[in-house]
Amino acid sequence: SLEQARNKARDWIGLLRKSVDPKVEEDRQRKAEERQRNSSFARVVEDYIKFAVIGPDPEIPRQRMGTRVARDLRRVFVPIWGDRPVGEITRQDVQTVIKRVRDYGSHGMLETYGAKVAKPMTRKGGAPGGARNLLGYLKTLFAWAIAQNEYGIDRSPCHDITAKSIVGTKPSRDCSLNELEIAKSEKTSLVSV
């Protein structure tokens, strides 16, 4: 319309006064918008899985727990953030999801967002261990995305979030045997020799 043309002309005049080429500026804005459209969270997750988690051969994933990481990223985070640009995900978004997994489990967390899940993969109730793992997956995903320098992000929304601050301290896995158990294990080892 005529009004749009006038506004565009005013913008161009303003750019020329700042010694900026309007064509170059339009190209820069168009590329930035295109990059934003192409950097949805779902796309970043799929690229991460393709290049860093699974790799070219699905039978031999690059990461030891690659199939689990891929499954959890797709099942837990993509239904919530899939269409959002990766740069718009905030620290608060990450904390909210991890706290809900801690309190309700991943299935319960997805229900709080209204996401439809075919069948629960976790037991009812909280899942502090799962929350700790998911936070680790997110940290690695965002670190990889930043290193690629093509998704328009330069800072991770979870860079200073610790599992200890959200989930609590990790329970000790140390165990000690009482005298009866020690005697039993010594007896078993003598019999097997």
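Sort Trp144, Trp81, Trp12 by heavy-atom solvent-accessible area, probe 1.4 angstrom, most to least.
So the residues, ranked largest to smallest area, are Trp12, Trp144, Trp81.
Counting only protein heavy atoms and using a 1.4 Å probe, what share of the accessible area of the chain belongs to carbon plus sulfur, as a whole percent?
Numbers: 6770 of 13190 Å².
Percent of accessible area from carbon and sulfur atoms in the chain: 51.
Take the Cβ-Cβ distance between Met65 and Ile182 as r, set R0 to 41 Å, and report the resulting FRET efficiency rounded to the nearest 0.05.
0.75
Order the following by accessible area, largest value first: Val24, Val76. Probe radius 1.4 Å; ligands, DNA and RNA are ignored.
Highest to lowest solvent-accessible surface, that is Val24, Val76.
Just from its helices, what would the mean residue ellipticity at 222 nm be for the chain, if runs of 4 or more DSSP H residues each count -39500 (n - 2.57) and the sum is divided by every residue, rounded to the nearest 500 deg cm²/dmol? Before the final figure, lay out each step's value.
Values: 9 runs with 113 residues, N = 193.
So the helix-based figure for the chain works out to -18500 deg cm²/dmol.
For the stretch 1-112, what is the Kirkwood hydrodynamic radius in Å, using each pair of distinct C-alpha atoms?
17.4 Å
Tell me, what is the per residue accessible area of the stretch 46-134 in Å², probe radius 1.4 Å?
Accessible area per residue, the stretch 46-134: 57 Å².
When all protein chains stay in place, what accessible area (Å², nearest 10, 1.4 Å probe) is found for His159?
90 Å²
So if each residue of separation counts as 0.36 nm, and I subtract the Cα-Cα distance between Lys164 and Trp12, what length gain in nm does that give?
Going from the current span to full extension adds 49.5 nm.
So which trypsin sites (Lys or Arg not before Pro) in the stretch 1-96 are both in a DSSP loop and have at most 10 other Cβ atoms within 10 Å of their Cβ?
Sparse-neighbourhood loop trypsin sites (Lys or Arg not before Pro): Lys18, Arg64.
The values are calculated or read from the model by the stated rules, or taken from the named source; none is laboratory data. Source: prediction; values computed, not measured. Glycine gets a Cβ as well: all are built from the backbone with ideal geometry, and neighbour counts include every protein chain shown. Ligands, DNA and RNA are excluded from the accessible area calculation, which covers all protein heavy atoms including side chains. Shrake-Rupley method; radii C 1.70, N 1.55, O 1.52, S 1.80 Å.
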